[in-house]
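The values are calculated or read from the model by the stated rules, or taken from the named source; none is laboratory data. Since we're looking at a predicted model, the values are computed, not measured. Positions of Cβ are generated from backbone atoms using ideal geometry, with glycine treated the same way; all protein chains shown enter the neighbour counts. When the accessible area is computed, the model is the full protein with side chains, heavy atoms only, and any ligands, DNA or RNA have been set aside. Shrake-Rupley method; radii C 1.70, N 1.55, O 1.52, S 1.80 Å.
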Amino acid sequence: MRKLPGILWNSFRMALQELKVNKLRTFLSLFGITIGIFCIISVLATVGSLENKIQDDVQSLGSNSIYIDKWEYLNDSNYPWWKFVNRPVPKYNEVAFIKAKSTLAEYTSYVNSITTKVLYNDNELSNTPIYGVSEDFNKIQKIEIAYGRYMTDAEFLRGTPSIVIGFENAELLFGEAARAVGKEISVDKKKLRIAGVIAKQGQSLGGSPYDYDHCLIYSYRLFASCYNANATYLDPYIIVKAKSDVPSTALSDELRGVMRQLRKLKPKEEDNFALNDINMFSEQVSGFFGTVNIGGWAIAGLSLIVGAFGVANIMFVTVRERTSQIGLKKAVGAKSNIILTEFLLESAFLCILGGVFGLLLVWVLTIIASAIFPFAITIAPGIVVLAFTICIVLGVLAGIIPASIAARMNPVEAIRSK
């Protein structure tokens, strides 16, 4: 064990000397390792960061939640579209029935929406989404208030004209988002007072139906007093969040029975509602990105194989050039396993150098890409550990044959060679 630090240092020094003396040859041989590690780290980092962003956007719909709608969001059953159209939409009074009958639901909220114009003095915003929601909505959704407050239970109960506004809309109307709190705006000729401003959310990549940066959130009773909540052009739905220890599949099974009882469907009648499980979206996202990762590994694998052959070639040449030195070492008592270990470590260090260059390239790429894409690309520590583990394994595999040849040399014949 006391010899190991010396062997490590000597192997590292010889690897650097090889790089210094034969720059072009070593660079070309290590280029495959560099590209392979670059592909692995860049693909895993980019795909991982993108998946995390999309998963966060999907979970913003309400983790472990079921969306009760007349539409199936995935429509895996190839159900005819005209049957979807003819289904009844969820009603606000169905929320109370679900709360009373469901034992697995923690929160239940009704959601309706419309787009319209918003006015404040001479400023006008068009196509602004308005969400009319019931009391539990902010307990299912991740709504952080930057300034002011969310609506109170009393405001939900009475339908008072108090609302919360999206961050970017507040900036567009008032210059600074914080100035929006307490101000009155006009929406479809109705005066509304802003109770709070939603914290800035940023761009969504997961197909979220909520544009919190540009929206207004009403209590449902306020929404129903301003618009015809039963209009056919609206598309309301109900969100049900499961209790913390309840899987969404169990909640979905229970809700199917509750909804069939609510809609008074006979045993042989098909469902006239859809239960959309948000967890199914997360599983589909994970499956898709798993396939993308496989493609990245395939590309990286080819580069790594080419790089491994290059490193093996360097080690064969190195053994040939140092044959007399190997003979001298063995003549003065160096054991075969010491010679073997030195060359294996030198091969591994060469691969690690190629990996370091690949990591540096990826680091530069993440800085550039993070400035372009609407999400930050980060290199997880686990990816770096994986990359260098691959380098060490490749180095050992690439150097095992030339190192074995060196370890088996006859010291007398090796000293005589030139």
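Any idea how far apart residue 246 and residue 116 come out in nm if each label point goes 7 Å out from Cα toward Cβ?
Computed distance between label sites residue 246 and residue 116 equals 3.5 nm.
Counting only residues 5 or more places away or on other chains, whose amide H sits under 5 Å from the amide H of residue 106 once H atoms are built in the peptide plane?
Here 241, 242, 243 satisfy the definition.
Starting from the amide H of residue 147, placed 1.01 Å from N in the peptide plane, find each other amide H under 5 Å away whose residue is 5 or more places distant or on another chain.
197
Just grab the label-to-label distance for residue 338 and residue 73, each label 7 Å out from Cα along the Cβ direction, in nm (one decimal).
6.6 nm
Might you work out the accessible area of residue 297 for me, using a 1.4 Å probe with all protein chains in place, and round it to the nearest 10 Å²?
100 Å²
Quick one: with all protein chains in place, what share of the accessible area of the stretch 301-362 is carbon or sulfur, to the nearest percent (1.4 Å probe)?
Taking all protein chains in place, the stretch 301-362 shows 72 percent carbon and sulfur surface.
What do you get for Rg/Rh over the stretch 308-347 if you use C-alpha atoms and the Kirkwood form of Rh?
Dividing the radius of gyration by the Kirkwood radius yields 1.01.
Could you sort 416, 320, 263, 256 by accessible area so the largest value comes first, with the probe set to 1.4 Å?
Output order, biggest surface exposure first: 416, 320, 256, 263.
Can you compute the modelled spin-label distance between residue 325 and residue 299, with each label point 7 Å from Cα toward Cβ, in nm?
Spacing of the two 7 Å Cα→Cβ label points: 3.9 nm.
Once you sort the root eigenvalues of the Cα gyration tensor of the stretch 60-155 as a ≥ b ≥ c, which label holds: rounded (a/c under 1.5), prolate (a/b larger than b/c) or oblate (the other case)?
Since a/c reaches 1.5 but b/c is at least a/b, the shape of the stretch 60-155 is classed as oblate.
Round to a whole angstrom and tell me the spacing of the C-alpha centers of the stretch 243-273 and the stretch 107-164.
About 29 Å separates the Cα centre of the stretch 243-273 from the one of the stretch 107-164.
What's the FRET efficiency of residue 271 with residue 127 using the Cβ-Cβ distance as r and R₀ = 30 Å, to the nearest 0.05?
E(calc), rounded to 0.05, equals 0.35.
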